[in-house]
Amino acid sequence: MEFRDLKTQYLRHKEHMDSSIQDVLFGTHFISGPQVTQLEERLSEFVGVKHCIACANGTDALQLALMAWEIGVGDAVFVPDFTFFSSGEVVPLVGAVPVFVDVDPLTFNINSESLENAIAYVLHHTKLKPRVVVAVDLFGQPAEYDKIRMITERYGLLLLEDAAQSFGGRIGERKTCSLGDISTTSFFPAKPLGCYGDGGAVFTDHDEWADRLRSLHVHGKGGDKYDNIRIGLNSRLDTLQAAVLLAKMDFFEEELAACEQVAERYTRRLEGAVQTPHILENRQSAWAQYVICLKDTEERGRVIANLQAAGIPSAVYYKKPMHRQVAFAGKQVEAVSCLETVSLCERCLALPFHPYMEEEQIEAVCGRILGEIG
Ligand SMILES: *Cc1c(COP(=O)(O)O)cnc(C)c1O
């Protein structure tokens, strides 16, 4: 069994994918080809945001956002403790200090009480200036933006939505990638909308920030790339990846609907026996992952081994809280304790999940889990 079956996806849509890729090969406009602009227009329309800037990957997208806001030395950036390394990695990269915040044990997303405590700590006990909250839509579910907005407005902070795992998700009619002052996503192959390599994008309604982002992702260009008005990055999305994404957008909604079905099947079988994903009302997850929580590390170990014995892959996202990553030693402010994150890292388990999963496969996974935990 595949954890995320990209091969079946390709085979189902082979002709469409091949012809989109072929167009680029014949056109030989491999960097900044017309497909890149087409994709940016298509994505900004899909998301409902004025500007989309495609870039090289989701990590650069986050860094570009911080650079556009001129976040740097002396600034504090608040990041959930339970997320992929990138969400925090970009903070010291621009010279600022990450402050990790605990998450909600049911939604896995940033906890607004813990966030407010962390901001108060930074204000009263450090010389840092609180500037940005990074809200991550973990495993595909949008964070609680109504609560987070109240806090960012109260303290005059900028809101950066890390939607690397949630492209296609929604709160009511509002799509992810439209929920931050700037929002970013990733097109890493295993993400909800994945290309055939690395890719990412930045979204904003703000004209001036968009101009800066367009400059920053091409060597800080002015009029053209030989006129350089700021220090930037080389972070373009290449044309082949844009063509792959344009083709995939044609069946993306179908895949989202199929993911919803797979998630419902899993939940129906596992509910009550283990902690199943808790999706808040009026929300649509993009289902980057289907993550359950076991009682403790010992039980999780038994479940992993039992699945493995049947050739079923599973994965632990994430093994380590951000505040315990060696890379942040001496570079972070430890403002609040992140006990929920510590506990989730010990108990969570991601199951095989993709839109092409058959009912029998879901049944096989659930049977193994229910058999092990009795
Ligand atoms: C994947 C991911 C990223 C980084 O995306 P890349 O395209 O791999 O650089 C950032 N944040 C989160 C939450 C992610 O899951």
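See the values below:
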quantity	calculated
DSSP loop trypsin sites (Lys or Arg not before Pro) with at most 10 other Cβ within 10 Å: longest gap in the chain	128-318
Chymotrypsin sites (Phe, Trp or Tyr not before Pro) restricted to the range 221-255 and DSSP loop, no more than 10 other C-beta within 10 Å	Tyr226
Mean shadow area of the range 211-361, taken as a quarter of the surface of its Cα convex hull (nm²)	14.5
Residue-count net charge about Phe251 - beta-carbon cut-off 14 Å; Lys, Arg +1, Asp, Glu -1	-1
Net +/- balance of residues flanking Ala96 in space, Cβ distance below 9 Å, scoring K and R +1, D and E -1	0
Too-long pairs where the Cα-Cα distance tops 21 Å, listed order kept, from Lys7/Lys191; Lys7/Lys319; Lys50/Lys191; Lys221/Lys331; Lys225/Lys248	Lys7/Lys319; Lys50/Lys191; Lys221/Lys331; Lys225/Lys248
Electrostatic dipole magnitude of the range 158-244 [Cβ: Lys, Arg +1; Asp, Glu -1; Cα centre; debye, to 20]	200
Inter-part distance where the range 212-241 and the range 290-365 are each reduced to a Cα centre, Å	37
Charge context of Leu11, other residues only, Cβ under 13 angstrom, K/R +1, D/E -1	-1
Other-chain or far-sequence residues with amide H under 5 Å of Thr176's (modelled H)	Gly168, Gly169, Arg170, Ile171
Spatial extent of the chain: Rg and Dmax, with the Cα atoms as the point set, Å	20.7, 67
P(r) of the range 163-267 over all Cα-Cα pairs, binned every 5 Å from zero, in whole percent	2, 11, 16, 19, 19, 14, 8, 4, 3, 1, 1, 0
Chymotrypsin sites (Phe, Trp or Tyr not before Pro) restricted to DSSP loop in the range 275-327 with at most 15 other C-beta within 10 Å	none
Quotient of Cα Rg and 2.2 N^0.38 Å for the range 247-321, N being how many residues it contains	1.29
P(r) histogram, all alpha-carbon pairs of the range 45-111 included - 5 Å bins from 0, percent	4, 16, 21, 20, 18, 16, 5, 0
5 Å binning of all Cα-Cα separations within the range 278-327, expressed as whole percents from 0 upward	4, 14, 19, 19, 18, 16, 8, 1
Ascending count of other beta-carbon atoms within 10 Å, so fewest first, for Val134, Val218	Val218, Val134
Ranking of Glu363, Glu15, Glu116 by count of other Cβ atoms within 10 Å, fewest first	Glu15, Glu363, Glu116
For the range 83-162, fraction of C-alpha pairs farther apart than 19 Å, in %	33
Packing rank of 303-312, 158-167, 83-92, where each peptide gets the mean count of other beta carbons within 10 Å, highest leading	158-167, 83-92, 303-312
Principal axis dimensions, largest first and in whole angstrom, of the range 28-168 by Cα	56, 34, 25
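FYI, it's all coordinate maths here, none of it is from the lab. Since this is a predicted model, take the numbers as computed values, not measurements. With ideal geometry, Cβ positions are generated from the backbone for all residues, glycine too; neighbour counts draw on all protein chains shown.
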